[in-house]
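A short write-up of the structure that comes next.
Computed from the coordinates by the stated procedures, all read-outs in this text should not be read as laboratory data. In this text the structure is predicted, and so the values were computed from the model without any measurement.
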Amino acid sequence: MQEIITLYLDTPLTPLWIAAGADGTLHHCSFRPLYDLPAPSSSPPPAVDRIADQLLEYVFIGRTHFTIPCSLKGTAFQLSVWHQTQLIPYGETRTYRELAAQTGNPKAWRAVGSALKHNPLLIVVPCHRVIPASGGVGGFAGGSKLKKTLLEHELQGLSQMP
């Protein structure tokens, strides 16, 4: 079994806890401590540093997409939802209904919400970009205030791009 390395990133937007393999494959990215994993590493291998670099680039310079190898484990439906979520462009949103339709299950918008609730790779699988049809912010693992902050961060980043 591959060694799992954890990192803690304290960013102006939110703290991030990361769990990755020594090969640089991201297994988990959360806004809360990863209690069932080892304490954060003080000297991660370079492959894990690259994950941290990309997440920090998202926060500080508006990285719009990630090239991080990811390990996603879930049901076929969850994997489909997470894949479609990764296709939502930086600074844009989709509704739960739109995402359900994109998975081929147009009536499964509540199930989309449930799949997003179990998203293990926050930020990288940008579930903060999925909103209710009413136009509100909707639910989010980090709370609605953080979801709004992340959406505003991306809109600000778009406005600063050449």
(request) Any chance you could tell me what percent of the C-alpha pair distances in the chain go past 20 Å? (result) 50 percent
(message) Quick check: Cα centre of segment 70-136 to Cα centre of segment 1-37, how many Å?
(response) 21 Å
(request) Compute from the Cα atoms of segment 4-61 the Rg and the Dmax, the latter being the longest Cα-Cα distance, and quote both in angstrom. (result) 10.4, 31
(request) Show which aspartates and glutamates lie in cross-link reach of Lys145 when reach means a straight Cα distance below 15 angstrom and same-chain residues fewer than eight apart are skipped. (result) Glu154
(message) Taking amide H atoms as placed 1.01 Å from N in the peptide plane, list the residues 5 or more away in sequence, or in a different chain, whose amide H sits under 5 Å from that of Leu121.
(response) Cys29
(message) Please enumerate, by chain and number, the lysines with C-alpha under 21 Å from the C-alpha of Lys73, excluding those fewer than 8 residues away in the same chain.
(response) Lys117
(request) Run through all the Cα pairs of segment 76-159 and give the fraction in each 5 Å bin from 0, expressed as whole percent. (result) 3, 17, 29, 28, 16, 6, 1, 0
(message) Tell me the relative contact order for the chain as a rounded percent, counting alpha carbon contacts under 8 Å between residues six or more apart.
(response) 20 percent
